[in-house]
Structure formats: structure tokens, C-alpha cells
Amino acid sequence: MAAFELRGVSVRFAGTGGAYTAIENVDLDIGTGEFVCVVGPTGCGKSTLLNVIAGLAKPSAGEVRVAGVPLAGLNRAAGYLFQADALMPWASARDNVAAGLLFRGVSRAQALVQADDWLGRVGLRGAGDRYPHQLSGGMKKRVALAQTLVLDPKILLMDEPFSALDVQTRSLMENELLGLWAADRKSVLFVTHDLDEAIALGDRVIVMSAGPGSRPVASHTIDLPRPRDVAEARMSPRFVELQRALWQSLRVEVQKSQRAMAAAR
């Protein structure tokens with residue numbers, strides 16, 4: 001059974017210039033334990049896709065199913081890691097990680113034990129008392145990752161989570177993510193603008209068409225062996241072959257998007 005699936009999903013937004021169709025007639029299946037990355041030109045509805053799966057946006061048409069059941073309201077099986085930091089600045093790293101457990105009714109003592117455990121798993125053992133302003137960008141991302149994973153979601157939705165990090169920190173975070181994912185194989189949908197990142201992380205890479213009315217136009221299986229080190233994977237001949245094939249699909253949509261933006265000026 002698919003972890004989640006979209007059938008004929010469209011999302012339209014009302015505006016002063018008329019309705020805008022972000023995604024249209026999208027069919028998509030993500031298997032249980034599958035790591036899928038989504039790439040596409042700017043404005044192609046990648047974040048809208050995540051919001052629909054999370055239950056934060058309601059489809060204008062079509063249906064989302066989670067483990068075979070139609071989604072109604074928030075997707076309680078999903079954890080969402082945003083591009084921007086979503087940490088509470090007044091709370092310590094430990095309290096940020098424990099917050100979701102407390103909202104679910106877990107005792108504070110038990111929530112803090114689990115928070116410390118997850119801070120250790122993401123490489124921040126002993127940093128629980130630090131506040132967000134005392135953390136580097138990479139450390140904040142580790143806290144946000146622990147904050148999401150401590151709730152043990154079956155589905156992990158990630159919206160360009162590492163885009164603001166420097167190259168070295170980003171590579172470390174990508175490897176840490178793969179290590180955590182390998183431990184229990186959550187179903188992951190990872191949105192990125194970085195084609196190399198998508199290939200290095202994913203089991204499959206989906207290319208979205210230029211907007212409006214975006215939809216998947218290509219799906220490439222990534223047959224690089226696992227376990228996978230992202231730096232080493234990028235140096236392999238097979239990586240270069242995959243990159244070339246994916247860029248052929250992506251380039252067409254990027255050029256369409258650029259032409260549309262130029263015409264709108």
C-alpha cells in the first residue's frame with residue numbers, strides 16, 4: 001500500500017486578477033519507506049503540493065489518500081520540516097523539541113527525556129539548554145529535525161530544509177538525514193531546487209512542469225547504492241549520468257518558466 005497518494009488533485013487560488021491554478025490534475029504515489037525528491041522551476045507549486053499532503057491546503061478537485069484512507073483535515077501521520085526556522089525563540093532547544101509531545105498529552109518529565117534522546121541522535125547532546133539565538137544555522141536545523149522526528153511521523157514532508165546552509169554544513173545535514181531515515185524508513189517527500197541534492201538523497205526524483213497548472217512530467221529512479229554518502233555519490237559516474245538525464249527533463253520546464261516570466265514583464 002502507498003504511504004500516500006494523490007488522484008486528480010488540483011489547487012486553485014482566488015485573486016484580484018482571477019483564479020490562479022497552482023497544481024492541476026496531479027496523480028502521485030509515494031510508497032511506504034520511499035524517499036522521493038521533487039524538483040521544478042520557481043513557482044511550479046512544489047510547496048502547494050506539500051501543503052495539500054499535510055492537510056494545510058484543501059484540493060479544489062481530486063483526492064488525497066493516506067494509507068488508503070481519504071484525507072480529511074490535517075494529516076496526523078505527517079511531520080513537516082519547513083524552509084524557514086520555526087523554533088520558538090523564548091524556549092530552549094530541549095523545550096522546543098518537547099513541545100509537540102506536551103501538546104499530545106505526554107508528561108513533561110517523559111517529554112524532556114525523549115527530547116534529550118533526540119537531541120543526542122541529531123548530534124546535539126548537551127546542547128539542550130541553549131536558546132535558538134545561541135545556535136548556528138546547522139544546529140537550528142538539527143533542533144528542527146529532532147522536533148519533527150520526536151513525534152514519530154510515518155510521513156516526513158520537507159520543504160527545502162537545507163537551502164540556507166553553507167555547502168559543508170548542508171552536506172553534513174544531508175548525510176545525517178539519510179542516517180536517521182535509514183533507521184526506520186519513513187516515507188519522505190523532499191522538495192528542493194538543487195538537482196544534485198535530489199539525486200544524492202532520493203530513491204526517485206520527480207520533475208514538476210512550469211506553472212501555472214503544474215503537474216509531474218517525469219519520474220527518474222535513482223539506482224545509486226545505499227547506504228549512501230552524498231559527497232562520494234556525487235563523484236560516481238552513475239551520478240553524472242543521472243544528472244544529465246534529469247537535467248534534460250528539468251531544463252525544458254525551466255526554459256518555459258523563464259519565457260513566461262519574460263512575457264509578463
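The values are calculated or read from the model by the stated rules, or taken from the named source; none is laboratory data. These numbers come from a predicted model, not from an experiment. Counting neighbours? That spans all protein chains shown, and the Cβs are built from the backbone with ideal geometry, glycine included. Accessible surface areas use protein heavy atoms only, side chains included; no ligands, DNA or RNA. Shrake-Rupley method; radii C 1.70, N 1.55, O 1.52, S 1.80 Å.
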request  = Could you tell me which numbered condition GLY62 fails, if it satisfies all but one of (1) touching a Gly at 6+ places or on another chain (Cβ under 6 Å); (2) under 27 Å from PRO132 (Cβ atoms)?
outcome  = (2)
ask   = Among the candidates GLY128, GLY137, GLY105, which residue alone is of a type outside the set (Phe, Trp, Tyr), open to solvent by less than 10 Å² (accessible area, probe 1.4 Å) and either under 29 Å from GLY40 (Cβ atoms) or over 22 Å from the mean Cα position of the chain (by Cα) (or both)?
value = GLY128
ask   = part of a strand (DSSP E or B) and either among the hydroxyl-bearing types (Ser, Thr, Tyr) or surrounded by fewer than 18 Cβ atoms within 10 Å (Cβ to Cβ) (or both): does that describe GLU24?
value = no
message = Go through (1) open to solvent by less than 10 Å² (accessible area, probe 1.4 Å); (2) modelled with pLDDT of 95 or more for PRO161 and report which single condition fails.
response = (2)
request  = Scan segment 2-15 and give yes if some residue there is over 21 Å from ASP184 (Cα atoms), open to solvent by 50 Å² or more (accessible area, probe 1.4 Å) and not in a strand (DSSP E or B), otherwise no.
outcome  = yes
Selected residue (criterion: surrounded by the fewest Cβ atoms within 10 Å (Cβ to Cβ)) from residues of segment 58-81 that are within 21 Å of ALA144 (Cβ to Cβ) and more than 12 Å from the chain's Cα centre (by Cα) = LEU74
ask   = Pick from ALA200, ALA164, ALA210: which is assigned to a helix (DSSP H, G or I) and not aromatic (Phe, Trp, Tyr)?
value = ALA200
ask   = Are any residues in segment 232-244 surrounded by 13 or more Cβ atoms within 10 Å (Cβ to Cβ) and part of a helix (DSSP H, G or I), and if so, which ones?
value = ALA233, ARG238, PHE239, LEU242, GLN243
